[in-house]
Amino acid sequence: MQEIIEKLHQDALAQLAEAATLEAVEAVRVDALGRKGKLAEISKQFGRLAPEERARLGKLLNTAKQELESNIDSRIAALESAALDKRLESEWIDLTTPAPGIRPGSLHPVTQVQKELEELFRSMGFAVLDGPEVESEYYNFDALNIPGDHPARDMQDTFWLKDGRLLRTHTSPVQVRGLETLKPPLKMIAPGRVFRNEEVDASHEHTFYQLEGMMVDRDVSVAHLIYFMKTFLSAIFKRDVTVRLRPGFFPFVEPGFELDIQCLICGGKGCPVCKQSGWVELCPCGLVHPAVLRYGGADPEEWSGFAFGLGLTRLAMMRYGIDDIRLFTGGDLRFLKQF
Ligand code: PHE
């Protein structure tokens, strides 16, 4: 019987050495050590042995079982660590590999100009206001002294919505909104997107950006307006630009002016941007019309002010030497990436 036990033990050890998976190891264990396994079967025959013989063989059997168990444990550990090695190898990452290039976005040229101007005007104590792009007829026209039958409504071709509202044709509605919310004395700008139902060409777009500015205080005069325009335009262009003032008509200012600067693209010689005139209309402006002050809830006997409308898109064209306004909303990354 001793030989049988030793043989079973050796066989089990040999099978174990060949077991390549955890399942195979488990099969060996069940076959040898399980409740109905081979070693358990052997011990059933111990009954017919003499007591000393039984004790001796029992000890032998127990030693064999223990050795087998510990071999099984170390076999399982070896298989598990091999599996882990394999996983580590397959999931290996080379941390020294250079990262793929980062491609950061860039700010749109109009956004850059807008941010710069906001900064400049904030430093002069102006509040930066926002207004809705879908605007009411009241704010876009009526409250700016442009009643329904006024021919000035045709100056700006309007996109009307079915519900009677419209896409604002300028940022001037924010003048009235600003008067309502801030109350004079006030200094405000309102940059934003505006829309006109226009034929598109190199210098006209249906969508572009303006920056409205307004200052309302006691005794504001044309002298303040001229001084102020000179100051901020030289700050914007960081150089001497040649400007000229012409009388201009806008129902919401009185008197009204048209401020032109000499074309920075052609230096005044004439090009498509300045329509061969050498001058670019940059900035309509004027003193706020008493009717507008009244619409905004300010008494024109007490308050006066100036307002201007800066073409942000046009300004960006001047700044970067861009000769076609259609590039701004064209979405061509080759264009946008340059800024
Ligand atoms: N809102 C006018 C326009 O878009 C410009 C303007 C603003 C004129 C302020 C005078 C004062 O044409």
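The values are calculated or read from the model by the stated rules, or taken from the named source; none is laboratory data. Only a predicted model underlies this, so the values are computations on that prediction, with no experimental measurement involved. Positions of Cβ are backbone-derived with ideal geometry, glycine not excepted, and every protein chain shown enters the neighbour counts.
When Pro272 is evaluated against the numbered criteria (1) out of contact with any Ser or Thr (no Cβ under 8 Å at 6 or more places or on another chain); (2) at pLDDT below 90, which criterion, by number, is the only one it fails? If we test Pro272 against (1) out of contact with any Ser or Thr (no Cβ under 8 Å at 6 or more places or on another chain); (2) at pLDDT below 90, just (1) comes out false. Inside the stretch 87-124, residues that are without any contact (Cβ under 8 Å) to a residue 12 or more places away in the chain and aliphatic (A, V, I, L, M) make up a count of 5.
Could you please find all residues in the stretch 21-40 being touching a residue at least 24 places away in the same chain (Cβ under 8 Å) and either among the small types (Gly, Ala, Ser) or not in a helix (DSSP H, G or I) (or both)? Across the stretch 21-40, the qualifying residues are Thr21, Ala32. Checking the stated criteria, Arg196 turns out not to satisfy the condition of being surrounded by 15 or more Cβ atoms within 10 Å (Cβ to Cβ), over 36 Å from the mean Cα position of the chain (by Cα) and more than 23 Å from Gly305 (Cβ to Cβ). Taking the numbered list (1) over 18 Å from Glu212 (Cα atoms); (2) at pLDDT below 90; (3) in a helix (DSSP H, G or I) in turn, Val241 passes all entries but (3). In the stretch 270-278, the condition of being within 38 Å of the chain's Cα centre (by Cα) and within 16 Å of the ligand (Cβ to nearest atom) is met by no residue. Scanning the stretch 126-158 for residues that are within 27 Å of Glu116 (Cβ to Cβ) and more than 15 Å from the ligand (Cβ to nearest atom), which turns out surrounded by the fewest Cβ atoms within 10 Å (Cβ to Cβ)? Of everything passing the filter in the stretch 126-158, Asp130 is surrounded by the fewest Cβ atoms within 10 Å (Cβ to Cβ).
The residue that is surrounded by the fewest Cβ atoms within 10 Å (Cβ to Cβ), among those in the stretch 221-234 that are more than 18 Å from Ala127 (Cα to Cα) and in contact (Cβ under 8 Å) with a residue 60 or more places away in the chain, is Ser221. Listed by first and then second residue, the pairs linking a residue in the stretch 300-321 that is more than 30 Å from Cys271 (Cβ to Cβ) to a residue that is within 14 Å of the ligand (Cβ to nearest atom) and part of a loop (DSSP other than H, G, I, E, B), with Cβ atoms under 9 Å apart and 6 or more places separating them unless they lie on different chains, are Pro300/His289; Trp303/Val220; Ser304/Val220; Gly305/Val220; Phe306/Val220. You will find that of Lys65, Lys59, the residue that is of a type outside the set (Asp, Glu), over 39 Å from the mean Cα position of the chain (by Cα) and surrounded by 14 or more Cβ atoms within 10 Å (Cβ to Cβ) is Lys65 and no other. Inside the stretch 244-261, residues that are more than 10 Å from the ligand (Cβ to nearest atom), buried (at least 17 other Cβ atoms within 10 Å of the Cβ) and without any contact (Cβ under 8 Å) to a residue 40 or more places away in the chain make up a count of 1.
Could you check the stretch 186-221 and list, in sequence order, the residues that are at pLDDT 95 or above, more than 16 Å from the ligand (Cβ to nearest atom) and in contact with a Lys or Arg (Cβ under 7 Å, 6 or more places away or on another chain)? None; the set is empty. Filtering the stretch 282-299 to residues that are free of Cβ contacts under 8 Å to residues at least 60 places away in the same chain and either within 16 Å of the ligand (Cβ to nearest atom) or not assigned by TED's automatic domain parsing to the domain that holds Tyr209 (or both) leaves Leu282, Cys283, Pro284, Pro290. Under the condition of being surrounded by fewer than 23 Cβ atoms within 10 Å (Cβ to Cβ), in contact with an Asp or Glu (Cβ under 8 Å, 6 or more places away or on another chain) and closer than 22 Å to Phe237 by Cβ, the residues counted in the stretch 315-339 number 2.
Please find, within the stretch 159-181, the residue that is surrounded by the most Cβ atoms within 10 Å (Cβ to Cβ) out of those that are within 12 Å of the ligand (Cβ to nearest atom) and assigned to a loop (DSSP other than H, G, I, E, B). Within the stretch 159-181, the match that is surrounded by the most Cβ atoms within 10 Å (Cβ to Cβ) is Ser172. The residue of the stretch 144-174 that is nearest to Gln210 (Cα to Cα), among those that are modelled with pLDDT under 90 and among the charged types (D, E, K, R), is Asp157.
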